[in-house]
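Below is one structure, written out as structure tokens; comments come after it.
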Amino acid sequence: MGEDHQIAFLLRESAQPDPQRRAAALKGLGRIGRAEHVRVLTEAADDPDPAVRAAAALGLGRLGVPEAGAEALPVLMGDAHADVRRRASVAAARLGLGGPAITRAFARLLSDPDHHVRINALDGLSALGVPGDATALAALLGDPDPAVWGRARNLLHTCGEDPAV
């Protein structure tokens with residue numbers, strides 16, 4: 001945790017008009033902030049600038065308060081910008097978030113155009129112990145990225161061991 005003067009500086013910076021300054025402040029709050037600073041990060045999830053939204057997702061993951069990200073991160077995982085989706089999916093996995101909203105968000109990301117996001121989705125579903133939709137996973141076996149199709153293959157193997165599938 002940071003010193004009070006450091007946190008006060010980051011809180012001031014998070015309200016600046018320059019999106020780069022806001023984004024840097026949110027990343028810093030994620031590193032040295034406290035649970036009471038969650039509100040600043042969750043409010044930044046609605047920022048018009050994608051770099052700020054990505055920094056908010058990163059900050060939520062780093063701050064380590066799972067209940068703080070439970071509402072904002074599934075929304076950010078559906079963002080129009082790949083970097084925001086990428087950061088939000090990593091943060092959700094880092095926080096160990098589960099439940100239907102997170103599972104649906106990870107499942108949607110299986111078809112993301114960004115291969116890093118697809119990897120994060122597969123890792124997130126795996127960490128949750130949820131194999132995902134077998135049809136969507138089978139489609140990923142043809143992915144050009146070996147990290148994607150390899151993870152999909154492993155999850156499909158898990159599906160085969162699950163009597164519910």
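Kindly provide the set of residues from segment 75-91 that are surrounded by fewer than 18 Cβ atoms within 10 Å (Cβ to Cβ) and either charged (D, E, K, R) or free of Cβ contacts under 8 Å to residues at least 12 places away in the same chain (or both), ordered by number.
Residues of segment 75-91 that are surrounded by fewer than 18 Cβ atoms within 10 Å (Cβ to Cβ), as a first pass: 75, 78, 80-82.
Matches in segment 75-91: none.
Select from segment 44-62 the residues that are in contact with a His (Cβ under 9 Å, 6 or more places away or on another chain) and buried (at least 23 other Cβ atoms within 10 Å of the Cβ) and write down the one among them that is farthest from Gly96 (Cα to Cα). Talk me through it step by step, then tell me what you get.
Narrowing segment 44-62 to residues in contact with a His (Cβ under 9 Å, 6 or more places away or on another chain): 50-51, 53-54, 59.
Of the ones still in play, those that are also buried (at least 23 other Cβ atoms within 10 Å of the Cβ) are 53-54, 59.
On the way: Arg53: 20, Ala54: 18, Gly59: 15 Å.
Taking the candidates together, the pick is Arg53.
Among the numbered conditions (1) farther than 29 Å from Gly33 by Cα; (2) surrounded by 14 or more Cβ atoms within 10 Å (Cβ to Cβ), tell me where Pro113 comes up short.
Evaluating Pro113 over (1) farther than 29 Å from Gly33 by Cα; (2) surrounded by 14 or more Cβ atoms within 10 Å (Cβ to Cβ) leaves (2) as the failure.
Are any of the residues in segment 32-39 small (Gly, Ala, Ser), crowded, with 16+ Cβ neighbours inside 10 Å and farther than 22 Å from Asp83 by Cα? Reasoning before the result, please.
Restricting attention to segment 32-39, the residues satisfying the condition of being small (Gly, Ala, Ser) are 33, 35.
Those left that are additionally crowded, with 16+ Cβ neighbours inside 10 Å: 33.
Restricting the remaining residues to those that are farther than 22 Å from Asp83 by Cα gives 33.
Yes, because at least one residue in segment 32-39 is small (Gly, Ala, Ser), crowded, with 16+ Cβ neighbours inside 10 Å and farther than 22 Å from Asp83 by Cα.
Considering only segment 104-144, how many residues are at pLDDT below 95, of a type in the set (Val, Ile, Thr) and within 23 Å of Pro66 (Cβ to Cβ)?
Count: 1.
Scan (1) touching a Gly at 6+ places or on another chain (Cβ under 7 Å); (2) outside the structural domain of Glu43 (by TED's automatic domain parsing) for the single condition Asp133 breaks and write down its number.
(1)
The values are calculated or read from the model by the stated rules, or taken from the named source; none is laboratory data. These figures come from a predicted structure and were not determined experimentally. Heads up, the Cβs are rebuilt from the backbone with ideal geometry, glycines too, and the neighbour counts pull from every protein chain shown.
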